[in-house]
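Beneath this line is the structure, given in structure tokens, with notes to follow.
Please treat every number below as a calculation from the coordinates, not as lab data. Since this is a predicted model, take the numbers as computed values, not measurements. A quick note on method: Cβ atoms are made from the backbone with ideal geometry, for glycine too, and the neighbour counts reach across all protein chains shown.
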Amino acid sequence: MISFLRKLPFSKIMDSSSTVASSKTQRLVALAQQLRLYKPPPPFDEMEEQQIQETAGKVVSQVGFQESVTPIVKDPERFRPKKAAVLICLFEGDAGDLRVILTKRSSRMSTHSGEISLPGGKAEEGDRDDGDTATREAKEEIGLDPSLVEVVTVLEPFLSKHLLRVVPVIGILSNKKAFTPTPNPAEVEEVFDAPLEMFIKDENRRDEEREWMGEKFLLHFFDYEYENKKYLIWGLTAGILIRAASVVYQKPPAFIEQNPKFKFPTVINKDTIVP
């Protein structure tokens, strides 16, 4: 049974009415097996440890690019991004759909208040790996016990608007009822969830063309309504979720992503950002 499930794309498992795929637990087991086999593409260019001053704290919904499509200049005096990780926490909704936990930043925040993000933040010295960073931050921000989350894979890193190296970590929450959100009011105003599949559908989506050092790219915006509240999911958060949905459902989005051919400016300092 297990070997059979491993050969099926998750989209087929979710759609199947067979006895094999009828159990929610079996669906999540199959998904975990599928994702453990995922291998991120290699980066565009092998990146050396390089230097950059970067002061942004939490990872928020800003423009971001996959590192695998980012030509990074090998110059030890120019670029050494600080590391961060975000948690893509997946669970099955009451209707059997796959959903992801999101947060709305507190209106008390001095920057990026009210924006939608994934739980996460900068790596700390005591973190063992990216999964540890992501789950620790999720506990601090929304009270999600790391023991409830099964980390199954990581995606290729993204570069944030402030040139922060962000690693998306995919984790599975098998028992959603065991998690009662307790948002940290200093950082998080709301905790909600959205269907993962929406991020590869061309519905309630729009984009804007932007330019960075002569290269054009698309910034994606998703309008989402949940429990009579409206949310706008865009930038880095949207980019990461587009990639996550593509990996989970094993198919590309129904729209053009148009990632940029990213280039770094000659001089990088703490004020350097992507427009």
- Using label points projected 7 Å from each Cα along Cα→Cβ, tell me how many nm separate TYR38 and GLU150, to one decimal. 1.5 nm
- Message: Bins of 5 Å, beginning at zero and ending with the bin holding the largest distance: percent of Cα pairs per bin for the range 131-199, please.
- Response: 3, 14, 20, 24, 25, 11, 2, 0
- Taking only the C-alpha atoms, wrap a convex hull around the range 82-137 and report its volume per residue in Å³ as a whole number. 106 Å³
